[in-house]
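Below is one structure; the comments refer to it alone.
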Amino acid sequence: MQLNKIHTLEATLELVTGLHIGGSTGEMHIGGIDNSVLKHPYTLEPYIPGSSLKGKMRSLLEWRAGVVGECSGKPVSAQAIKELSGEKKERAERIARLFGLSGDAKDDFIKEIGPTRLSFWDCALKPEWVAQRQAGELLTEAKSENLIDRISGVAQHPRQTERVPAGALFDFKLSFKELDIDTALLDTILQGLKLLELDAIGGSGSRGYGKIKFNQLTLNGEAIDERFATIDPFA
């Protein structure tokens, strides 16, 4: 196994709806935000952790591969892959090659799969988008929520959740190590990105938060928007 090349996928990640990835201010204020978003400790600008994108993309690919049940809800494992067969096993192996496997390094199967090939970088707000904000305009919004009593119709337990607003733009970057010639791996990555677009990232996705879109997607500096547009993760 040899490292032949490191490919780079880059894009502008656009928020279609407000995004909440939880953080902590370390202090509480009466009448303040109940659920704050994660912010950079120096700039205080919200950002999207690479770990959030990686974890959600892997989870969606594992659901698509149909291996979540075999793994009892945990990330796909070497033992689970060994017990699979057919197309399901092929998909699980591609996921393992991209994201890696934990376990005994002396295991021949784990050595055959090799190390993780993907690196997800934290996504910072695009400086151009931040510059367009008017003086004094915040980079986040406070969304009020409550629980409605089904019988009385009265709102209960009001709370405020901080979100990065729809329309915010982030710099997205993903690195892909080419350790072997397998064109299906790149297709799996693109399928994973498409699944992220179809689902959501961050918290409260079932309530409309966290819908995203990848714009101006490039592979090693060359535009692949047209190729990405034809990707069907369920084909």
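The values are calculated or read from the model by the stated rules, or taken from the named source; none is laboratory data. This is a predicted model, so every value here is computed, not measured. All Cβ positions, even for glycine, are placed from backbone atoms using ideal geometry, and neighbour counts span all protein chains on display.
Hey, G26 hits all of (1) more than 30 Å from D180 (Cβ to Cβ); (2) at pLDDT 95 or above but one; which does it fall short on?
Here G26 meets the rest and fails (2).
Quick check on region 223-231. Is at least one of its residues touching a Gly at 6+ places or on another chain (Cβ under 9 Å), crowded, with 17+ Cβ neighbours inside 10 Å and at negative phi?
no
Looking at the structure I just gave you, is S175 modelled with pLDDT under 95, of a type in the set (S, T, Y) and farther than 13 Å from L15 by Cβ?
no
Can you pull out every residue in region 141-189 that is assigned to a loop (DSSP other than H, G, I, E, B) and either in contact with a Leu (Cβ under 7 Å, 6 or more places away or on another chain) or closer than 30 Å to Q216 by Cβ (or both)?
The initial filter retains those residues of region 141-189 that are assigned to a loop (DSSP other than H, G, I, E, B), namely 149-154, 165-168, 179-182.
Matches in region 141-189: P165, A166, G167, A168, L179, D180, I181, D182.
Determine, yes or no, whether F170 is touching a residue at least 24 places away in the same chain (Cβ under 8 Å), surrounded by 13 or more Cβ atoms within 10 Å (Cβ to Cβ), under 22 Å from I189 (Cα atoms) and in contact with a Lys or Arg (Cβ under 6 Å, 6 or more places away or on another chain).
no
Being of a type outside the set (D, E), touching a helix residue (DSSP H, G or I) at 6+ places or on another chain (Cβ under 7 Å) and within 27 Å of I212 (Cβ to Cβ) is the requirement here; does L84 meet it?
Working: of a type outside the set (D, E): yes; touching a helix residue (DSSP H, G or I) at 6+ places or on another chain (Cβ under 7 Å): yes; within 27 Å of I212 (Cβ to Cβ): no.
The answer is no for L84.
Being more than 18 Å from Y47 (Cα to Cα), at pLDDT below 85 and charged (D, E, K, R), is that true of even one residue in region 191-212?
no
Please tell me if L195 is among the hydrophobic types (A, V, I, L, M, F, W, C), within 17 Å of A11 (Cα to Cα) and assigned to a helix (DSSP H, G or I).
For L195, the condition - among the hydrophobic types (A, V, I, L, M, F, W, C), within 17 Å of A11 (Cα to Cα) and assigned to a helix (DSSP H, G or I) - is met.
Name the pairs whose Cβ atoms lie under 7 Å apart, with the first residue in region 107-118 and on the phi > 0 side of the Ramachandran plot, the second of a type outside the set (S, T, Y), and 6 or more positions between them or separate chains?
Short answer, once both residue conditions are applied: G114/M1; G114/R97; G114/L179.
Within region 29-50, how many residues turn out to be modelled with pLDDT of 95 or more and either over 19 Å from A131 (Cα atoms) or in a loop (DSSP other than H, G, I, E, B) (or both)?
Residues in region 29-50 being modelled with pLDDT of 95 or more and either over 19 Å from A131 (Cα atoms) or in a loop (DSSP other than H, G, I, E, B) (or both): 2 in total.
Report, by residue number, each residue of region 42-61 that is buried (at least 16 other Cβ atoms within 10 Å of the Cβ), out of contact with any Pro (no Cβ under 7 Å at 6 or more places or on another chain) and in contact (Cβ under 8 Å) with a residue 24 or more places away in the chain.
P46, Y47, I48, P49, G50, S52, L53, K54, K56, M57, L60, L61
Might you let me know whether region 111-130 holds any residue that is of a type in the set (A, V, I, L, M), modelled with pLDDT under 90, under 23 Å from D182 (Cα atoms) and assigned to a loop (DSSP other than H, G, I, E, B)?
Checking region 111-130: not a single residue is of a type in the set (A, V, I, L, M), modelled with pLDDT under 90, under 23 Å from D182 (Cα atoms) and assigned to a loop (DSSP other than H, G, I, E, B).
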